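Before any comments, here is the structure.
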Amino acid sequence: MAHPERRSGRQEHDDHLRGQATARKRVTGVRALPQVAAPRNDPSRLQVTAPSCTLLEAIPGQSVGVTYWFDAPIDNVTPSTQVRLVGDLLELRTDATESPSAVHAFDVVHTIPAVPAGVGRVSATMRVTNLVPGTWHIVARPDNAVAFEADGESGAAVVVAESAPGVALGAWAAFVGLGALIGLILFAFQIQKAALPMLSVLTTAIVACLIGLIGAKVYYKAQSTSPTSWLSAGGMCIQGFIVGALAALALGATIAHLPLFRLLDAASAPLLVGIAIGRVGCFRAGCCAGRPSAHRYALWSSDRYLGIRRIPTQLLEGIGALALASIAVAMVNLESTMPPGALLLQSLGGYVLLRQALLPYRALPRREGWRRPLAAAVSASATLIAVGVMAMAAA
């Protein structure tokens with residue numbers, strides 16, 4: 001009796017991939033790619049953007065990020081475009097854990113939203129999740145355009161979700177941490193100038209910062225339309241941080257029998273400096289992004305999905321906060337003639353007014369309604385009252 005030919009592991013793997021692709025088409029009813037010109041391999045048009053992260057490579061929950069580049073016309077708005085992504089596993093990563101529900105092939109369609117005319121080079125980063133870990137061959141076929149192909153590695157979904165051209169991983173945490181550190185150093189100088197007990201005040205301030213992070217997450221989840229995990233580092237709102245941190249600072253001052261309003265006045269400039277530095281992290285991390293714009297002062301940046309020229313709302317807010325901090329530092333020298341708490345009221349009122357003025361230029365959808373006009377009116381009134389009170393006291 002003749003024995004069947006012994007099959008290699010590679011042949012069995014190829015048969016497995018073909019079986020997965022056949023099952024995919026049978027279940028989803030997706031038609032095979034039409035017989036047209038072969039896809040082009042052009043890294044300037046299609047890239048697999050999944051970064052390497054050795055510590056996370058072996059965990060389940062793998063994704064690929066596929067970035068498609070195109071140039072927006074100078075005179076006409078680019079309409080929304082559908083891009084069909086077809087991916088097949090080339091090589092399984094042997095050292096990774098494969099989820100039972102992970103797929104060996106995919107065929108999905110992503111829609112790139114319309115972009116304004118004259119914005120130049122645009123990148124759209126599309127992600128496909130729940131994949132088998134390994135090397136993937138991906139074909140991207142935009143509507144009525146040439147198809148492109150690229151090979152690349154899958155990566156941990158938590159990393160791929162934050163990765164895109166123009167986005168620096170870890171930038172948000174780095175700049176927010178740097179802002180907190182510099183803010184605390186400036187706060188120490190302010191405490192020394194105000195002749196307050198250094199150790200107890202700084203300890204209270206550090207605890208207040210940690211409580212402020214919780215407040216930032218709570219505030220974001222209460223007003224955002226985007227679902228975000230409680231454990232995610234993203235999805236925080238500065239208003240929540242300010243409310244939580246100042247409330248904790250006030251409680252700590254009460255417990256430690258410290259002069260509350262003098263302490264809050266001393267915290268005004270450090271808080272604004274920390275916000276200004278943190279906003280640079282937002283710009284580099286792709287959060288709080290501005291609307292796409294062809295304006296001459298627009299800067300190329302990303303919201304982790306669409307890389308395009310945008311109104312740099314994060315940097316504008318940071319510059320405004322730094323200007324307000326400079327005013328607060330100068331006003332501290334006049335503390336003896338100012339009513340306690342007036343400096344904090346002026347600083348926060350000015351910052352909230354600045355933020356409300358910039359919110360319409362942000363790309364992130366928000367539940368606004370009547371809240372933004374009310375916040376702007378209250379903050380403007382608070383600023384005017386604080387300035388008036390300080391002017392009367394100095395007269």
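Can you tell me which residue is nearest to residue 157 (Cα to Cα) among those in the stretch 93-132 that are modelled with pLDDT of 90 or more and of a type in the set (Ser, Thr, Tyr)?
Ranking the candidates gives 129 first.
Here is a check on your reading of the model: is residue 135 open to solvent by 50 Å² or more (accessible area, probe 1.4 Å), in a strand (DSSP E or B) and at pLDDT 90 or above?
Judged against the criteria, residue 135 is not a match.
Of the residues that sit in the stretch 81-127 and are closer than 17 Å to residue 69 by Cβ and hydroxyl-bearing (Ser, Thr, Tyr), which one is surrounded by the most Cβ atoms within 10 Å (Cβ to Cβ)?
Filtering the stretch 81-127 for residues that are closer than 17 Å to residue 69 by Cβ and hydroxyl-bearing (Ser, Thr, Tyr), the one surrounded by the most Cβ atoms within 10 Å (Cβ to Cβ) comes out as 125.
Could we say that residue 279 is touching a Cys at 6+ places or on another chain (Cβ under 8 Å) and either in contact (Cβ under 8 Å) with a residue 40 or more places away in the chain or in a strand (DSSP E or B) (or both) here? Working first, answer last.
Working: touching a Cys at 6+ places or on another chain (Cβ under 8 Å): yes; either in contact (Cβ under 8 Å) with a residue 40 or more places away in the chain or in a strand (DSSP E or B) (or both): yes.
Considered against the rule, which asks whether it is touching a Cys at 6+ places or on another chain (Cβ under 8 Å) and either in contact (Cβ under 8 Å) with a residue 40 or more places away in the chain or in a strand (DSSP E or B) (or both), residue 279 comes out as yes.
If we keep just the residues of the stretch 168-190 that are of a type in the set (Val, Ile, Thr) and within 19 Å of residue 242 (Cβ to Cβ), which is surrounded by the fewest Cβ atoms within 10 Å (Cβ to Cβ)?
182
I need the full set of residues from the stretch 244-295 which are surrounded by fewer than 18 Cβ atoms within 10 Å (Cβ to Cβ) and under 27 Å from residue 359 (Cα atoms), in order please.
247, 291, 294, 295
Only one of 353, 316 is under 30 Å from residue 186 (Cα atoms), under 29 Å from the mean Cα position of the chain (by Cα), at pLDDT 95 or above and not acidic (Asp, Glu). Can you tell me which?
Values: 353 fails: at pLDDT 95 or above.
Matching residue, one of 353, 316: 316.
Could you list, in sequence order, all residues of the stretch 319-342 that are at pLDDT 90 or above and either of a type in the set (Val, Ile, Thr) or open to solvent by 60 Å² or more (accessible area, probe 1.4 Å) (or both)? Before the answer, list the steps.
We begin by selecting, within the stretch 319-342, every residue at pLDDT 90 or above; these are 319-326.
Residues satisfying the conditions are 319, 322, 326.
Restricting to the stretch 304-314, count the residues that are in contact with a Gly (Cβ under 9 Å, 6 or more places away or on another chain) and open to solvent by less than 50 Å² (accessible area, probe 1.4 Å).
Number of matching residues: 7.
Report yes if some residue within the stretch 168-188 is part of a loop (DSSP other than H, G, I, E, B), farther than 30 Å from residue 271 by Cα and at pLDDT 90 or above; otherwise report no.
So far as the stretch 168-188 goes, no, none of its residues is part of a loop (DSSP other than H, G, I, E, B), farther than 30 Å from residue 271 by Cα and at pLDDT 90 or above.
Considering only residues that are within 21 Å of the chain's Cα centre (by Cα) and closer than 13 Å to residue 87 by Cα, which ones fall in the stretch 105-159?
Hits for the stretch 105-159 are 126, 127, 128, 129.
Give all pairs with beta carbons closer than 6 Å in which a residue from the stretch 249-267 that is touching a residue at least 24 places away in the same chain (Cβ under 8 Å) meets a residue that is part of a loop (DSSP other than H, G, I, E, B) and open to solvent by 20 Å² or more (accessible area, probe 1.4 Å); count only pairs at least 6 apart in sequence or on separate chains.
Pairs found: 261/340; 262/340.
The values are calculated or read from the model by the stated rules, or taken from the named source; none is laboratory data. What you see is a predicted model; the values in this text were computed from it and never measured. Cβ sites come from the backbone with ideal geometry, for glycine too, and all protein chains shown count toward neighbours. The accessibility values were calculated without ligands, DNA or RNA, using every heavy atom of the protein model including side chains. Shrake-Rupley method; radii C 1.70, N 1.55, O 1.52, S 1.80 Å.
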